[in-house]
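The values are calculated or read from the model by the stated rules, or taken from the named source; none is laboratory data. Since we're looking at a predicted model, the values are computed, not measured. Virtual Cβ from ideal backbone geometry, glycine too; neighbours counted across all protein chains shown. For the accessible areas, the whole protein counts, side chains as well, though only heavy atoms, and no ligand, DNA or RNA atoms are used. Shrake-Rupley method; radii C 1.70, N 1.55, O 1.52, S 1.80 Å.
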Amino acid sequence: MKILLVQPARPEKAMSIEDFEIFEPLALEYLAAGVAGEHDVRILDMRLEKNLDFMLNDYRPDVVGITSYTVHVNTVTKLFKRIKGFNPEIYTVIGGHHATVIPEDFFSPDIDAIIQGEGVFSFRELINRLERKKGFSDIPGVVRIENGTRGILIKEENKMPDLDAIPFPDRKLTTPYRSSYSSAWMKPIASIRTSKGCIYKCTFCALWKLTGGRYLVRKPEHILEELGAIEESNIFFADDESLLDTDRMETLADMIMRSGIKKRYFLYGRSDTIAGHPELIERWRKIGLERVFVGLEFFKDADLKAVRKGTTAEKNAEALRILKSLDIDIYPVFMIKPEFERKDFSDLRKYCLKLELDFIGFSVLTPLPGTDFYEDVREKMITSNYDYFDFIHTQIRTKLPLNDFFRELADLYKNSRSLKNQIKYLRKFPVRELPHLISANSAFMKRLKTLANDYNV
């Protein structure tokens, strides 16, 4: 069978990091690996290539599968309508994070199958049934959607997936795009997943719920084998959190060192893990760790406690100290609560300046579907338009007038770092990339200041 897998682009009105960094569509590469041996599979990354209509006409797929985060729901729904309009006989499948947490948002006559969870083996079974023209009724977890559509939902089974049983991603299918996958100056960059889930239960996150609060890991031997097959010298660890199992990460670091693999690494790390295991971070620095994403979230303990972050402002500060001492680039993010007043923005700005960091990101506290926070505030939301679930728009009424709120947020981005630190950040990039970076940043700031216009409240 001919199978087309699609990575959707962001909605037009959504704010996105896509102008600054794009990671490979790892989820689609995993799906492809599960079926590519027996079927003709292609991947279309619509963040980089918009020609869905040409692909449909030229390739004539039998099946189209699309992945979706919450921000993509409206976009994906429209894509499926276009696909069915082109040929109603194309079998359409949706998966990904949003399909896992709220599958009913995809109950549509344009979508034939919804797959929850990991999806690799469910998708393979679905494709095999289609190929043999067999029914779906005895697929584990399958239910018929009873809302006037002909679709099915393949529910995630209760058992936790064995990450080592999943085949390595089929990266050759993204060959045309790989030179464009990047994160800041790390370009091109490949992604690898070494774990899934988290033991912490932050109110704003749903990832821990998908594994029942368990942290699932791959064996270091399998990770090393996959690393050795990746051509790119820059590697992003696409984990929910990479460092939680410190013993495993020590073993993996030792194996990488002995193997002679030379890569530059970028990963997620909790501040309390970093603060409590400086020797582990130093070990990873020696084998190529260059950047660490740290969700600092807030600089006040009361705010950290309110979202059940499980760490403290003191540990945040210690983590930053350790990373600085090892000359590891820090990618920190703070959250902005809708109830922030001018003083809150001012206090955060002053705090950030004292950190003397080259880069600081800010996201608006977002009630993502599937999170405890969403359940707490869903009746108070001023918009349920998924296009705005981009971590920059607010879904909750702000204490400041919306126009003032977003201007304060823009000012945070502009003035939370000294001119010296901003110049240091720019110097990390090749000179040829600076015009695009400056232009993209200017467009981002201009759009940020006018986000209030997106609301009808």
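Numbers for the structure displayed
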read-out: Crossing angle, helix 26-35 versus the chain [Cα axis fit, 0-90 degrees, rounded to tens]; value: 20 degrees
read-out: Degrees separating the helix 246-259 axis from the principal Cα axis of the chain, which is the longest one; value: 80 degrees
read-out: Nearest 10 degrees, 0 to 90: helix 402-415 Cα axis against the chain principal axis; value: 70 degrees
read-out: Whole-Hz couplings from phi, Karplus 6.51/-1.76/1.60, listed for segment 306-316; x for Gly and Pro; value: 4, 9, 6, 5, x, 9, 9, 5, 5, 5, 4
read-out: Accessible area per residue in Å² at 1.4 Å probe, computed on segment 138-265; value: 45 Å²
read-out: Those trypsin sites (Lys or Arg not before Pro) in segment 88-169 that DSSP places in a loop and that have at most 10 other beta carbons within 10 Å; value: Lys133, Arg150, Lys159
read-out: For the chain, share of DSSP beta bridges that run antiparallel, in % to the nearest 5; value: 20 percent
read-out: Projected label distance in nm at Leu224 and Glu18, using a 7 Å step from Cα toward the beta-carbon; value: 3.9 nm
read-out: Cα-centre dipole for the chain with unit charges at Cβ (Lys and Arg positive, Asp and Glu negative), debye to 20; value: 1020 debye
read-out: Along each principal axis, Cα extent of segment 177-218, largest first, Å; value: 37, 24, 15
read-out: Size-normalised alpha-carbon gyration radius of segment 14-73, reference 2.2 N^0.38 Å; value: 1.25
read-out: Fully extended contour minus Cα-Cα distance, from Ala443 to Thr203, at 0.36 nm per residue; value: 83.2 nm
read-out: Computed over the chain: relative contact order in percent, which uses C-alpha pairs under 8 Å that are six or more apart; value: 13 percent
read-out: Chain lengthening between Arg214 and Glu146 when straightened (0.36 nm per residue, less Cα-Cα); value: 21.2 nm
read-out: Reciprocal mean inverse distance between Cα atoms of segment 1-128 - Kirkwood radius, Å; value: 14.7 Å
read-out: Accessible area of segment 1-132 belonging to carbon and sulfur atoms, whole % at 1.4 Å probe; value: 49 percent
read-out: Accessible heavy-atom area order of Ser442, Ser418, Ser271, highest first, probe of 1.4 Å; value: Ser442, Ser418, Ser271
read-out: Debye log10 I(q)/I(0) at q = 0.06, 0.07, 0.13 Å⁻¹ for the chain, Cα point scatterers; value: -0.26, -0.36, -1.36
read-out: Label-point gap, in nm, between Ser418 and Phe86 - each point 7 angstrom along Cα→Cβ; value: 5.4 nm
read-out: Inter-part distance where segment 370-426 and segment 326-365 are each reduced to a Cα centre, Å; value: 12 Å
read-out: Cα-Cα over 20 Å, subset of Lys13/Lys399; Lys343/Lys380; Lys219/Lys324; Lys84/Lys155; Lys187/Lys262; value: Lys13/Lys399; Lys343/Lys380; Lys219/Lys324; Lys84/Lys155
read-out: FRET efficiency for Ser179 and Lys78, using Cβ-Cβ distance with R0 set to 30 Å, rounded to 0.05; value: 0.55
read-out: When the convex hull of its Cα atoms is projected in every direction, mean area for segment 345-421 (nm²); value: 5.9 nm²
